[in-house]
Amino acid sequence: MACSAGAGAALPSPYDAMSPEEASARAEQGGTLLCLDVPGGTEFGVDCTIWSVGPKFQGVKMVPPGLHLSLAGGAGNDATRIAEFLWIAPSEVVVRKWDPVNEAFAPGCGMGEEEAERYKAGVARHDFDATTGPYPLESHQKWRRLSGHITEATLEGCGIPAGTRVVPGDPDAALDGKGKKHDGSDGADAAAAVVPFFPGIARAPVFSSIAQRAPRGMSPADVTRLHHDTGARLAYALGLFRGDWRALLGEVQVAFVLFLLIGSMAALEHWKSVVNMLCANAGEMHAHLELYKAFLATLTHQLECASSDFFTDEISADNFLRPALVKLVQEARPMAEQKTADTGGSGGLLVEEVTRRLKGIQRFVHRRFGVSLAEDDTGGGGTCDGATEMSDEAAGSNHLSCAEEGEDEPVVVELSEGTYMRMDFTDNGDVAAQTELVSVAGVAAAESAGDKDSAGAAASERMGWMME
């Protein structure tokens, strides 16, 4: 499969094994993102896959209905990427035209309505089949796992409704968990400064004060209560979303994918703060089982995007994440130890499921990163070189070992950490020179091609993504 038509060797694809009838059905049911006049060499992406496009590239077809994130920018420079969330309906055609002056897609569809309709009719006649590549079906499940809680209300709450061009924002304006800029100044006004909306103008995301320890306008007494009362902390966080934990996790997912794909530092800081807050307040897990059941699955899917040496790389070894995960396990232990007391009803089943997922994330972190989440290992880096006992059978397994298996069980996949490996493949797996592919399977592909040094270098380039 090559999405840059005519610009390189074809890549192996699940579509290759489809019958003509199945491929035709997917083409008719899927949407099309028609991208006109994109210059060769531009990095263009949909969801978890990014290409360096060729001169004949005109978009992506067979796009599964639902939410997607498209992006475009200069090769190798995340700061130039501009993204856009899109809701694509079955058989819908979305038209975008490149603006060479601004080196980005023009506002809206970039043309008049009548002209856009002519292009849509051309797609229906299959005029663009030769210059549009099929959506990378193998990455769709990964994208769904990373975005399953995002709704239109989520995007509107972040100030970036579907169809809005999204930029990373000013890294100097990124806020920490206390609502402060990294220079220590008050960041509340800085966040509010991007709220005014002008159609066609790219916007940086805006996030709620969910993880701030001292929200603006709160009385000193209430701030003190937030610091000492974990129940009040979670109640405040959920109150910002009218008690809807799905909306809370939707914002967490927006933050993660915007950091991962366009390098938004404001999004990264928000993600770090919320994850830290949820882990630190896991003592309230018994009262919010549905929230933590979904959070554990969401966090595991996000950790799949980190390289296997993340916790041991010297750049990122002292990151916030391991202490946060240790705190999560420690705070949840009383509930896990008492789960046998809740043997009946849906509440007991939820406790069992949350406990299973909690054990699952511990095993996943051990298997993927070689890290123990036992609190007595916090001072020593937590790597498991003999420190944590596991059976030889478990250590040799390629899959997460859980008592039960299900669709939400974490799957170990070799993904890059955020800046994807850039490489081209011929049919025999060798690196080619014409078409670049950047995908969530980039590191694994590099290692399978024998280029482990390159894989490690690319993953380490942004190993500091979770550091304080």
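The values are calculated or read from the model by the stated rules, or taken from the named source; none is laboratory data. From a predicted model like this one, the values you see are computed outputs, not experimental measurements. Cβ placement follows ideal geometry from the backbone for every residue including glycine, while neighbour counts extend to all protein chains displayed. Quick note on the areas: whole protein, heavy atoms, side chains included, nothing else; ligands and nucleic acids left out. Shrake-Rupley method; radii C 1.70, N 1.55, O 1.52, S 1.80 Å.
Taking 0.36 nm per residue of sequence separation and subtracting the Cα-Cα distance, how much length would be gained by fully extending the chain between E103 and A374, in nm to one decimal?
On the way: separation 271, 0.36 × 271 = 97.56 nm, distance 4.98 nm.
Gain in length upon complete extension: 92.6 nm.
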* **Cut-off 14 Å (backbone N to label point 7 Å along Cα→Cβ of D129), residues of segment 43-68** => 61-62
* **Solvent-free Debye scattering, log10 I(q)/I(0), computed from the Cα coordinates of segment 9-123 at q = 0.10, 0.14, 0.19 Å⁻¹** => -0.31, -0.61, -1.11
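Counting only DSSP beta bridges with both residues in segment 22-136, tell me the antiparallel percent, nearest 5.
Working: 20 of 27 bridges.
Taking every DSSP beta bridge within segment 22-136, about 75 percent pair in antiparallel fashion.
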* **Cα-centred dipole magnitude for segment 22-136, charges only on beta-carbon of K, R (+1) and D, E (-1), debye, nearest 20** => 180 debye
* **Average accessible area per residue (Å²) across segment 22-136 - probe 1.4 Å, nucleic acids and ligands excluded** => 41 Å²
* Of L67, V94, I50, farthest towards positive along the dipole that unit charges on Lys, Arg, Asp, Glu beta carbons give segment 22-136 -> I50
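Go through K97/K142; K272/K359; K327/K359; K56/K142 and tell me which ones have a Cα-Cα distance over 20 Å in this structure.
Details: K97/K142 28 Å; K272/K359 22 Å; K327/K359 14 Å; K56/K142 28 Å.
The pairs that break the limit, which is 20 Å between Cα atoms, are K97/K142; K272/K359; K56/K142.
How high is the FRET efficiency from Q330 to V223, r the C-beta distance, R0 25 Å, rounded to 0.05? Display every interim value, and only then the final one.
Details: r = 25 Å, r/R0 = 0.99.
That pair, Q330 with V223, gives E of 0.50.
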* **By accessible area with a 1.4 Å probe, ligands and nucleic acids excluded, highest first: order of E43, E353** => E353, E43
